[in-house]
Amino acid sequence: MALHTLPTQTDNFTYQYLDAAIVRGIIELPHAQARAQALVQTCENDFAVLRQWFGNKTGFGPQNRITVRVQADSLAHNNGYHADGSTLITVDSCETAGTDQSVATDAVRALFVAEAIEVLMSYKNFKDKEVSWKPGSSDGEGLSRVAAATLHPVGYYSPFVNGPYVNTWLTGTRGNWVATTDNNDLTPDSYGCSILFIYYLRDQLNKPITDIIQRAGGTLEETYHSVTNQTVGFKPFRELLAKYLPFDPANPASPNNMTALKTDNPFPILEGKQRYVTLSFKEQEDPLAGGRLGVPAGNRGRVTVKPFFTCPAKSYGYTIYDRDRTLQCIATTIGFAQPKFTWEVNGQHASVGGSVVPTTTVLVDDPANPDAPKSITKAESIYWQAEKDVSSSQGSAGELDLKSHSASHDGHIQLKIQVDVSERFGTTETVSQTGYATLTTQELIYDAQFYADREACIDAFAKVVHKYVRVSDIPLIFTLPDPSPEIRVAMQALRAVIEELGVINERNPQLGRELTQALVERLQLPEQMLLMGAAPTQTTGAQAGTSQRAAPRRATQRAAKRKRTRP
């Protein structure tokens, strides 16, 4: 067993590691050196953030470096601030076999943050000659865990550090550790309350962490008074949690109790229109189907086609594959304490284990028209699995998984998904969100040369377009999914495309005509809509008697402005 010092020092730290430990005999620490080297990459940045929180500019540096040592430890420790270069932080090397090493590394970094902030507390008390944050008490322990979770959440909520830590207090008697400080840092009930109250100040009451730390008093109640100019901070804090996260310790099995949190920070808990929901979608191959299935008869062949409208037509091989995929619909919430999710698919309620047969649009790939699938209307059987609570340390979320009938492989099924979200406790108000998604049951795949030719043509086209328009959304149209999963994004892009098309028509009419026709085919839109941003054609000679369509004034002005401002 040997102690090693890395040759690299940074402004505020020296780095060491032990290669073994005596724990019922000598055990090797195979990752200790790598963990120490990983700390070199982040300690200074993390320490800079913590010092900014404290308003600290003195007490450390090349003349008084902190030693950071990776070894076998019960999480981490420090010996407080010293002015003679003897300050020591030790962190466990997180050696559990068979785990994700990147997560283990982040856990070591989270442990460092938890100890480094306690060193800063110690220095603040030493310098100010008065005690505010106490590293060995419940308030200081709460702050150290808030810091670790804020800067390294992956590591903090990993099995190595084992957050969250607030459920002991939430499922207990919820004693007042705000007005009173527990004089040890080993009791989850007291430091769990401290963690929650610090997050309450920061994220519910929107008080800057710099104010919370620098204006702190001897208790969290004094800190509350300092940053809010109010008193008895525990009362509104406890009442808010009792309303939205109720728990009766005398009846722990009651259905009227909250479920354990997956995060230390349930805040902000908002009401009414302050809360909101976002929807996202992700398709996954069915692992039981092995991804690509057999090729149905008649769905393999060759076709002469342009990979892109500027490419020459060539002969390419293609295959249409049947797909068995699951569409994951994920609703992420902000402002909810313990949300409930209710789903609809194409206007029909999604009950547990049920199905619907909506008449919907299905896009069917056409090998002869790679950018213009055929659109049909068809009744599709859509099955869903039970709704899931996929909340994590990063936030509250619900999920609904959708699949098509196993014998149905019609194409790209267009679905309208709605989720209604309400609280389990505290209020009956509901927030709704709607999104549009595609469930792919059949997929057209060309030979590799098709995609190589397509990419080359798109790159060349983009270079030409950028000669006329500084920031062009036009190439985006040819790379968006069919259709764009978010209608709002598609409309924003279309609006920009119409403006850019007007500039191109003005400066290069030939390219403008070719591009307009390609976009008409791709977007299935009337040509007149795309020409709304076109500049008026100049009339000379024989054309003078021809009726000309005037461009909208604003579009013409935009084009002129762009032309004037080009370098």
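Key figures
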read-out: Of all residues in the stretch 193-232 being part of a helix (DSSP H, G or I) and of a type in the set (S, T, N, Q), the one that is surrounded by the most Cβ atoms within 10 Å (Cβ to Cβ); value: S194
read-out: Of all residues making up the stretch 338-378, the number that are within 30 Å of L270 (Cα to Cα) and assigned to a strand (DSSP E or B); value: 9
read-out: Within the stretch 114-135, considering residues that are aromatic (F, W, Y) and outside any loop (DSSP other than H, G, I, E, B), the one surrounded by the fewest Cβ atoms within 10 Å (Cβ to Cβ); value: F126
read-out: Which listed residue, of G80, G85, is closer than 22 Å to L120 by Cβ, surrounded by fewer than 19 Cβ atoms within 10 Å (Cβ to Cβ) and touching a Pro at 6+ places or on another chain (Cβ under 9 Å); value: G80
read-out: Among (1) of a type outside the set (S, T, N, Q); (2) at pLDDT below 90; (3) surrounded by fewer than 18 Cβ atoms within 10 Å (Cβ to Cβ) - the single one A456 does not satisfy; value: (2)
read-out: Residue within the stretch 354-362 that is crowded, with 20+ Cβ neighbours inside 10 Å, over 30 Å from C311 (Cβ atoms) and either assigned by TED's automatic domain parsing to the domain that holds T342 or touching a residue at least 12 places away in the same chain (Cβ under 8 Å) (or both) present; value: yes
read-out: Pairs where the first residue, in the stretch 425-444, is over 20 Å from T332 (Cα atoms) and the second is surrounded by fewer than 15 Cβ atoms within 10 Å (Cβ to Cβ), C-beta under 7 Å, 6+ apart; value: T440/E283
read-out: Qualifying residue in the stretch 36-44 (condition: over 22 Å from G155 (Cβ atoms) and of a type in the set (D, E, K, R)); value: no
read-out: Whichever residue in the stretch 428-446 is surrounded by fewer than 14 Cβ atoms within 10 Å (Cβ to Cβ) and outside any strand (DSSP E or B) and, among such residues, is nearest to the chain's Cα centre (by Cα); value: E429
read-out: For L201: the one exception among (1) within 21 Å of N56 (Cα to Cα); (2) free of Cβ contacts under 8 Å to residues at least 40 places away in the same chain; value: (1)
read-out: Per-region count, the stretch 311-337, residues in contact (Cβ under 8 Å) with a residue 60 or more places away in the chain, surrounded by fewer than 17 Cβ atoms within 10 Å (Cβ to Cβ) and over 36 Å from the mean Cα position of the chain (by Cα); value: 2
read-out: Enumerated strands (runs of 3 or more DSSP E) restricted to the stretch 1-79, each holding at least 3 residues that are at pLDDT 95 or above and hydroxyl-bearing (S, T, Y); value: 13-18
read-out: Qualifying position, being buried (at least 22 other Cβ atoms within 10 Å of the Cβ), within 28 Å of the chain's Cα centre (by Cα) and among the hydroxyl-bearing types (S, T, Y), among T105, T99, T90; value: T105
read-out: Qualifying positions in the stretch 233-256 - free of Cβ contacts under 8 Å to residues at least 40 places away in the same chain and either charged (D, E, K, R) or outside any helix (DSSP H, G or I) (or both); value: K235, E239, D248, A250, N251, A253, S254, P255
read-out: Some residue of the stretch 58-69 being of a type in the set (V, I, T), buried (at least 16 other Cβ atoms within 10 Å of the Cβ), in the same structural domain as A34 (by TED's automatic domain parsing) and within 31 Å of the chain's Cα centre (by Cα); value: no
read-out: When residues of the stretch 363-379 are limited to those that are aliphatic (A, V, I, L, M) and touching a residue at least 60 places away in the same chain (Cβ under 8 Å), the one surrounded by the fewest Cβ atoms within 10 Å (Cβ to Cβ); value: A368
read-out: Residues of the stretch 147-168 that turn out to be crowded, with 24+ Cβ neighbours inside 10 Å and either more than 21 Å from the chain's Cα centre (by Cα) or of a type in the set (V, I, T) (or both), as a count; value: 2
read-out: Residue match in the stretch 393-412 (condition: in a loop (DSSP other than H, G, I, E, B), touching a Phe, Trp or Tyr at 6+ places or on another chain (Cβ under 8 Å) and among the polar types (S, T, N, Q)); value: yes
read-out: Residue count for the stretch 136-146, restricted to those that are over 25 Å from Y17 (Cβ atoms) and either under 30 Å from the mean Cα position of the chain (by Cα) or part of a helix (DSSP H, G or I) (or both); value: 7
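Rundown of residues vs (1) modelled with pLDDT under 90; (2) part of a strand (DSSP E or B), yes/no style:
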residue	(1), (2)
L293	yes, no
V303	no, yes
F308	yes, no
C311	no, no
Y316	no, yes
L327	no, yes
I330	no, yes
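The values are calculated or read from the model by the stated rules, or taken from the named source; none is laboratory data. Only a predicted model underlies this, so the values are computations on that prediction, with no experimental measurement involved. Using ideal geometry, Cβ is built from the backbone for each residue, glycine included, and neighbour counts are taken over all protein chains shown.
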